[in-house]
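This report concerns only the one structure given below.
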Number of protein chains: 2
Amino acid sequence: MRKRLSLQAYADGIRSGNRVILSQAITLVESTLESDQDLASELVQSLITETGKSIRIGITGVPGVGKSTFIEAFGKLLLDNGKKVAVLAIDPSSQLNRGSILGDKTRMEELSADKRAFIRPTPSGTALGGVSGKTREAMLLCEAAGFDVILVETVGVGQSETAVKNMVDFFLLLMLAGAGDELQGIKKGIMEMADALIINKADGTNLAMAKKAKIAYESALHLFPLAEKNWSPSVKLASSTTGFGLEEIWELVSSYERQMRQNGFWESNRANQRLNWLEDQIQFLLGQAFLKDPVIQKMLTDRKPKVQNGELNPSKLAKSLIQFFFQK
Amino acid sequence: MRKRLSLQAYADGIRSGNRVILSQAITLVESTLESDQDLASELVQSLITETGKSIRIGITGVPGVGKSTFIEAFGKLLLDNGKKVAVLAIDPSSQLNRGSILGDKTRMEELSADKRAFIRPTPSGTALGGVSGKTREAMLLCEAAGFDVILVETVGVGQSETAVKNMVDFFLLLMLAGAGDELQGIKKGIMEMADALIINKADGTNLAMAKKAKIAYESALHLFPLAEKNWSPSVKLASSTTGFGLEEIWELVSSYERQMRQNGFWESNRANQRLNWLEDQIQFLLGQAFLKDPVIQKMLTDRKPKVQNGELNPSKLAKSLIQFFFQK
């Protein structure tokens, strides 16, 4: 059996930047055991005033766009700039995606070997509602351990982007040049969530095409509204092989941070994200308690087909299920 | 006091296409009285096999884009094509928006005077979770009353677009030419939900600018992915004053229906929407029961500031609130 430390031992280990204890603490956060979860919540709470000092960057893009190599190269640049870097992945469906996220750790060989970096994949096969809360707690633990930049990676094909967008300060969308078929996998709405678009693999014979794609995306983004934070998303080129563009992306993120701190969006956004986290968790836990009920489960399974084919009024069914649930 | 009919009287009246009884039945659907809601659910259930035969079209756009006049003109065209048209509005914040939606009924004077049309605003000041369920039930009642086309109007500034997108077959986004400042009000993500973009007020001195905007939007949409239904959103010009473009928009909707019925998306989308409705209602009712609890209310009010400023772990608070809620 996995050994469990005391609250104090976890907290001290994390404060001292011990990556092994940080890793064990995240395992505790991810545990489905009630007692583990309680201890994890206490741990996060005891460290909470030491969190929040990092820059949180979300990174998304379809499989094949080169997220892992980008993170490896970008992460190394950050280390060179004196930053400590943690990489977390959120991907509730990673089993289906055959380990496209961090599964193949060798893709980030150099980064994961460096003591100033910390790389942590999501446990696969978990429901999104649970995962996002756990990733948020893992992020706070990384911050308490002294990491300056948190990179949260997600695959651009599901609902996890909204979850990641709601927990980061800056959201990067990686794309490829050749803007036709490559885009098919990107879910609608993701492009409009991005604070910056990166045309990745902008090197060698790809470079000319990447430059063209940049212009096309810039004119498309021009049509997009500015959000409440008064930020126009820009399009940048990058190559993980040559390192081209990476410095510029980091400068962009830094200038974003400066601007958003100045106009107050940085803190108001984080305050909103914390409330959103609370609401998310309440909804998730309510739903979980409801769906755990065996009679509810059976009633749902029995009646679902009649809802789908339009024979049963969904409002009526919802109401009778809720009445049943609370009257027991 | 408002008189309440019997289930049979409501059902018979609706089946016979009686607009007064239809209107009373929708009032029943919208009622916050438990007994009214139960009767309403029964009524919808008793008519449910007579629903689903209309084309459901969502229409959105910022205030000032000309939604009401567009719906008036488009609705009249549909009447001329032998269709019976119902217009519903979903706008949970209509009090704030000062009646921008259907509040000013005179804007649809001719349509509302026509016996083959039915116009119904949303009661203002209601929470979205409740409104969307009620609008869905109202829509089914309109279908049972024989309306062939249901236009669901919403203001393009809030979360109601997602709710409307989830209850219609086709989603129209109205825009204005001059693509700069006018767009500021459109929420991110809405453009990518649209099955068609309409550049409205394409008449007189606006026409040239509208044609230019059309080209710009077409090239922007070109970068967007095709959704699972294999449909490329197109950009059309329209004028409610001259009637220009309206016929073409109706042809577009009809051709969409043909294609989607053929590839199976029409029915699978509706089946998904019904399940989504069920899930929405369950989440809404669970949340409602939770937030109705006075102790929960007080705990939330007390602790919210500490969540916002980052002193309190949201996961921990959510968990303790839920535990408290279910242990009473």
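The values are calculated or read from the model by the stated rules, or taken from the named source; none is laboratory data. Note that the structure is predicted; figures quoted are calculated from it, not measured. Virtual Cβ from ideal backbone geometry, glycine too; neighbours counted across all protein chains shown. Protein only, heavy atoms only, side chains kept; ligands, DNA and RNA dropped before computing areas. Shrake-Rupley method; radii C 1.70, N 1.55, O 1.52, S 1.80 Å.
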Quiz item: Rounded to the nearest 20 Debye, what is the dipole magnitude of the protein assembly as shown about its Cα centre when Lys and Arg each give +1 and Asp and Glu each give -1 at the C-beta?
Solution: 800 debye
Quiz item: To the nearest 10 degrees, how steeply does helix A:246-263 sit against the main Cα axis of chain A, on a 0 to 90 scale?
Solution: 60 degrees
Quiz item: Got a sec? Which residues of segment A:293-320 lose 30 Å² or more of accessible surface with every protein chain in place, vs. that chain alone, 1.4 Å probe?
Solution: A:304, A:307, A:308, A:310, A:311, A:313, A:314, A:315, A:316, A:318, A:319
Practice problem: Return one whole number: the accessible area per residue of chain A in Å², for a 1.4 Å probe. | Solution: 42 Å²
Quiz item: Using 0.36 nm per residue, how much length does the chain from residue A:32 to residue A:9 gain when fully extended, once their Cα-Cα distance is taken away?
Solution: 6.2 nm
Practice problem: Whenever you get a sec, line up B:169, B:12 from highest to lowest accessible area (probe 1.4 Å, protein heavy atoms). | Solution: B:12, B:169
Exercise. Measure off, as a whole percent, the carbon and sulfur share of the 1.4 Å-probe accessible area of chain B, all protein chains present.
Key: 52 percent
Quiz prompt | Choice from B:296, B:190, B:119 with maximal GNM fluctuation in chain B (Cα, 10 Å cutoff) | solution = B:296
Practice problem: List the distances, in nm to one decimal, from the label point of residue A:219 to the label points of the same position in every other copy, shortest first, placing each label point 7 Å from Cα along the Cα-to-Cβ direction. | Solution: 0.2
Practice problem: Go through B:237, A:282, B:253 and say which Cα lies farthest out towards the positive end of the charge dipole of the protein assembly as shown; charges sit on Cβ, +1 for Lys and Arg, -1 for Asp and Glu. | Solution: A:282
Quiz prompt | Prolate/oblate/rounded label for chain A (Cα gyration tensor, a/c 1.5) | solution = oblate
Quiz item: What angle, in degrees between 0 and 90 and rounded to the nearest 10, separates the Cα long axis of helix A:294-308 from the longest principal axis of the Cα atoms of chain A?
Solution: 70 degrees
Exercise. Divide by every residue of chain B the summed helix terms, -39500 (n - 2.57) for each DSSP H run of at least 4, and state the resulting mean residue ellipticity at 222 nm, rounded to the nearest 500 deg cm²/dmol.
Key: -16500 deg cm²/dmol
Quiz item: In nm, one decimal, shortest first: how far is the label point of residue A:35 (7 Å from Cα along Cα to beta carbon) from the matching points in the other copies?
Solution: 5.3
Quiz item: Put +1 on the Cβ of every Lys and Arg and -1 on every Asp and Glu Cβ in the protein assembly as shown; which of B:108, A:66, B:23 then has its Cα farthest towards the positive end of the dipole?
Solution: B:23
Practice problem: State which entries of A:316/B:292; A:292/A:316; A:319/B:115; A:298/B:304 exceed 29 angstrom in Cα-Cα distance in the structure shown. | Solution: A:319/B:115; A:298/B:304
Quiz item: Using +1 on the beta carbon of Lys and Arg, -1 on that of Asp and Glu, and nothing else charged, what's the dipole of segment B:1-50 about the Cα centre, debye to 20?
Solution: 280 debye
Practice problem: Treating the angle as unsigned and between 0 and 90°, give the value, to the nearest 10°, between the Cα long axis of helix A:67-80 and the longest Cα principal axis of chain A. | Solution: 60 degrees
Self-check item: Probe 1.4 Å, all protein chains present, accessible-area order of B:69, A:51, largest first
Solution: B:69, A:51
Quiz item: Tell me, what is the 1.4 Å probe accessible area of residue B:319, in Å² to the nearest 10?
Solution: 30 Å²
Exercise. Identify, among A:166, A:10, A:154, the residue whose Cα sits farthest towards the positive end of the charge dipole of the protein assembly as shown, taking +1 on the Cβ of Lys and Arg and -1 on the Cβ of Asp and Glu, with the dipole about the Cα centre.
Key: A:10
Quiz prompt | Accessible surface buried once A binds B (1.4 Å probe; total of both sides; Å²) | solution = 5700 Å²
Quiz item: Do any residues of segment A:32-62 lose at least 30 Å² of accessible area when the full set of protein chains is present rather than just their chain alone, and if so which, with a 1.4 Å probe?
Solution: A:41, A:45, A:48
Quiz item: Lysine pairs in segment B:188-291 8 or more apart or on different chains: how many have alpha carbons under 17 angstrom apart?
Solution: 7
Quiz prompt | Cα-projected label distance for residue A:259 with residue B:257, points at 7 Å along beta-carbon direction, nm | solution = 4.6 nm
Self-check item: Using a 7 Å Cα-to-Cβ projection, residue A:323 label spacings across copies, nm, ascending
Solution: 3.3
Quiz item: Can you give the extra length, in nm with one decimal, that the chain gains between residue A:320 and residue A:208 once fully stretched, where that is 0.36 nm per residue apart less the Cα-Cα distance?
Solution: 34.2 nm
Quiz prompt | Ranking by accessible area, most exposed first, for A:205, A:122, A:49, B:27 with a 1.4 Å probe | solution = A:205, A:49, B:27, A:122
